[in-house]
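Following: one structure in structure tokens, then a few remarks.
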Amino acid sequence: MRARLVALFAISLATCSVSMPAWAAPPTPADVASAKKLFEQGLKLYNEGSYREALSDFLHANDLSPRASIQRNIAQCHRDLREFAEAYDSYQTLLTKYGATMSAADKRAVQRAIDELASLTATVKVNVADPGATVALDGNNVGTTPLANPLRVNLGAHTVTVAKPGYETLSKDIKVNGGDAVSVDGPLQTEVTTGHLVVDAPPDAKVEVFVDGADMGPAPWEGDVKPGVHVVEGRGSDRFSEPKQVDVARKVRAEVVLELVGRNGTVQVDTHTSDAVITIDGKQVGTGVWEGPLPAGEHQLVVQAPGYREYKRAFIVHAGERFVEDAPLESDSSSPRYEGLYSGLALFGFATPSGPSNELAVSCPSSSCQTSSPLGAGLGVRVGYSFGWIAIEGLVLGQYDHSSATVTQGSSSALATDALRNESYDFHRFGGGGAVGVRVASKHPHVRFTGSAMFGAVAMGNIYDQTATAADAPSNTAKYTSSTTTYGAPLLMLDGGVLLGPAGGAKLHLSALFMAQFVGSAVQAPPNPSNPTHLGQNASGVNETYSTGALGVAQGTQIFIGPMIGLDFGL
């Protein structure tokens with residue numbers, strides 16, 4: 001294909017090159033001057049490679065003063081723009097209009113160009129005999145029927161439409177290759193201005209079909225109607241259907257089935273229980289209290305609610321009458337309830353994977369510190385309200401934990417006042433707080449899976465005991481108990497586990513517990529008020545003493561993990 005395009009370009013450029021026209025007498029001198037100026041401007045644009053702009057000037061010049069040379073340049077511009085169908089038509093016009101004045105060599109060259117372009121284009125023949133229909137190619141009008149000649153089109157996909165008032169538009173999508181000849185065949189069909197409506201009803205129905213209030217006869221019925229929304233209903237002596245709107249589109253078939261009901265009475269059901277589900281004839285109609293119309297005849301009422309016995313009754317409705325059913329529910333202790341107040345008591349133990357956070361553990365003042373991770377326990381009281389799967393819960397808790405540390409400090413010199421000594425510490429942390437959050441629990445009568453997430457705060461007190469023993473005189477010891485140091489911290493609590501027990505009774509609560517206290521910056525215990533502390537005399541008779549400064553007891557984020565066991569009451 002590329003070789004063919006190159007060959008065609010060479011032939012076209014050699015035989016139909018852009019040239020100055022031989023000017024003849026134009027219709028008016030002004031047209032001649034304008035055409036000549038446009039032509040010269042088009043030549044300049046063409047030589048600059050601006051083929052689209054040059055084509056515009058050549059077309060305008062040709063309108064003012066048609067010439068063979070201008071027509072040749074129009075064809076060449078279309079060719080250079082790869083608009084092969086337009087180039088074919090332009091060369092054909094050149095040959096038809098000016099062939100009588102062209103030399104034999106020029107005519108042969110033009111014919112060769114036309115033959116080459118024929119292999120790069122295709123034809124579409126519009127076989128529609130109806131006169132006056134508008135033919136469009138890819139949205140552009142190309143004439144009216146009947147078309148004298150086929151349409152010359154470029155390769156690829158195209159859409160041909162033939163439109164005429166009062167007729168359906170004929171549209172065809174085509175895809176052509178070089179040299180193809182395809183056709184778009186008529187005739188045009190008379191325009192359809194209606195839609196088709198079909199109204200059906202149960203086989204035993206004896207009702208008349210009404211469309212927009214007009215009686216169309218017995219059901220089933222079908223017929224043509226104007227496009228738009230129509231109101232369809234059925235009317236019979238003992239049954240009818242509520243009016244139903246049906247949107248019917250032009251040329252589209254719309255179907256509707258009449259939903260017939262008997263002539264109604266009014267029914268009211270009061271269960272005295274807000275969450276009771278009311279079902280009539282197998283269809284849920286409401287909860288708690290319901291009132292509405294029902295067809296005349298016998299119906300079945302069922303009322304159900306968690307924790308209550310099922311209520312069942314058959315009743316008869318008479319047309320035009322009001323029926324009231326009072327349906328109080330009886331409690332069923334064997335039926336589990338999942339909504340309402342509950343409470344719980346839980347014991348928990350915990351370790352701290354984050355490790356101790358006292359100053360000796362975080363930044364030991366000497367190289368001989370040994371610390372233990374805190375261990376502790378606590379008690380929590382929970383109260384909440386369950387909405388079924390989810391509950392809002394509050395918690396009050398108390399907790400205690402203990403950790404220890406040993407460190408060797410001081411100087412080994414016999415003359416030192418800061419004695420070499422072994423210090424042991426016992427850290428005691430105690431306090432409590434509260435949290436609120438959300439608990440989820442599955443709905444199972446005997447084994448319920450549960451978990452919660454709660455946020456709150458704690459207030460914790462800290463005391464440590466210190467025992468110092470002189471390294472060279474173990475009998476020389478001093479003891480010190482710090483004053484209480486407190487801090488407050490945000491609290492996060494997560495738990496997950498199971499509730500074990502019968503429905504409605506006490507349940508054993510087994511869970512894994514995660515707690516985090518966000519202490520933040522270091523909390524300092526004050527220094528020993530009796531500083532310095534005396535240990536006694538060493539073997540050299542020197543009075544040994546040591547100083548105790550402020551000591552950090554907690555800092556950072558404290559993580560607590562452990563088991564929780566408790567009892568839940570209420571649900």
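Computed over the chain, the convex hull of the alpha-carbon atoms projects to a mean area of 58.9 nm². From most to least packed by mean Cβ count within 10 Å, the peptides 200-206, 59-65 give 59-65, 200-206. Ordering 139-150, 397-408, 78-89, 303-314 by mean Cβ neighbour count within 10 Å, with the highest value first, yields 78-89, 397-408, 303-314, 139-150.
For the pair V32 and T159, label points projected 7 Å from Cα toward Cβ lie 4.9 nm apart. In order along region 108-121, phi translates into HN-Hα couplings of 5, 4, 5, 5, 5, 4, 5, 5, 5, 5, 4, 7, 9, 9 Hz, rounded to whole numbers, per the Karplus curve 6.51 cos²θ - 1.76 cosθ + 1.60 with θ = phi - 60° and x for Gly and Pro.
Seen from D89, the other residues with C-beta closer than 10 Å to its C-beta sum to a net charge of -1, counting Lys and Arg as +1 and Asp and Glu as -1. Since only T134, T193, V153 are under comparison, the one whose Cα sits farthest along the positive direction of the charge dipole of region 113-252, derived from C-beta charges on Lys, Arg, Asp and Glu, is V153.
Here r is the Cβ-Cβ distance between F387 and K175 and R0 is 60 Å; the resulting FRET efficiency, rounded to 0.05, is 0.45. Placing unit charges on each Cβ (+1 for Lys and Arg, -1 for Asp and Glu) gives the chain a dipole about its Cα centre, and among Y464, T485, H230 the Cα reaching farthest toward its positive end belongs to H230.
The dipole here belongs to region 155-212: it is taken about the Cα centre, uses +1 on the Cβ of Lys and Arg and -1 on the Cβ of Asp and Glu, and is about 320 debye. Within the shell defined by Cβ-Cβ distances under 13 Å, the residues around S237 carry a net charge of +2, with Lys and Arg each +1 and Asp and Glu each -1. Over the chain, accessible surface divided per residue gives 50 Å², non-protein components excluded, 1.4 Å probe. For the peptides 322-329, 274-281, the ranking by packing is 274-281, 322-329, with the highest mean count of neighbouring Cβ atoms within 10 Å listed first. Can you tell me the dipole magnitude for region 144-265 around its Cα centre, using point charges on the Cβ only (Lys, Arg +1; Asp, Glu -1), in Debye to the nearest 20? With only Lys, Arg, Asp and Glu charged at Cβ, the dipole is about 500 debye. Think of each Lys and Arg Cβ as +1 and each Asp and Glu Cβ as -1; about the Cα centre, that makes the dipole of the chain roughly 1940 debye. Spatially, region 68-130 and region 479-497 are offset by 97 Å when compared through their Cα centroids. So for region 277-332, Kirkwood radius off the Cα pairs, Stokes-Einstein at 10 °C and 1.306 mPa s: how many µm² s⁻¹? For the chosen part, D equals 133 µm²/s.
Atom-type composition of the exposed protein surface of the chain places 56 percent of the accessible area on carbon and sulfur (1.4 angstrom probe).
Listed by chain and number, the aspartates and glutamates whose C-alpha is less than 14 Å from the C-alpha of K244, apart from same-chain residues fewer than 8 away, are D200, D212, E233, E255, E259.
Each of S442, P474, I70 was scored by the projection of its Cα onto the charge dipole of the chain, and the greatest displacement toward the positive side belongs to I70; charges sit on the C-beta of Lys, Arg, Asp and Glu. The stretch between V436 and E310, if pulled fully straight at 0.36 nm per residue, gains 41.7 nm over its current Cα-Cα span. Taking every Cα-Cα distance in region 172-318 and sorting them into 10 Å bins from zero, the calculated P(r) comes out as 10, 25, 19, 18, 13, 6, 6, 3, 0 percent.
Full extension of the chain segment joining Q300 with K44 gains 82.8 nm, where the gain is 0.36 nm per residue of separation less the Cα-Cα distance. Pairs exceeding 20 Å between alpha-carbon atoms, taken from K443/K507; K37/K107; K125/K164; K125/K251; K125/K172; K283/K312: K37/K107; K125/K251.
The values are calculated or read from the model by the stated rules, or taken from the named source; none is laboratory data. Since this is a predicted model, take the numbers as computed values, not measurements. Please note: Cβ atoms are built from the backbone with ideal geometry, for glycine as well, and neighbour counts cover all protein chains shown. Quick note on the areas: whole protein, heavy atoms, side chains included, nothing else; ligands and nucleic acids left out. Shrake-Rupley method; radii C 1.70, N 1.55, O 1.52, S 1.80 Å.
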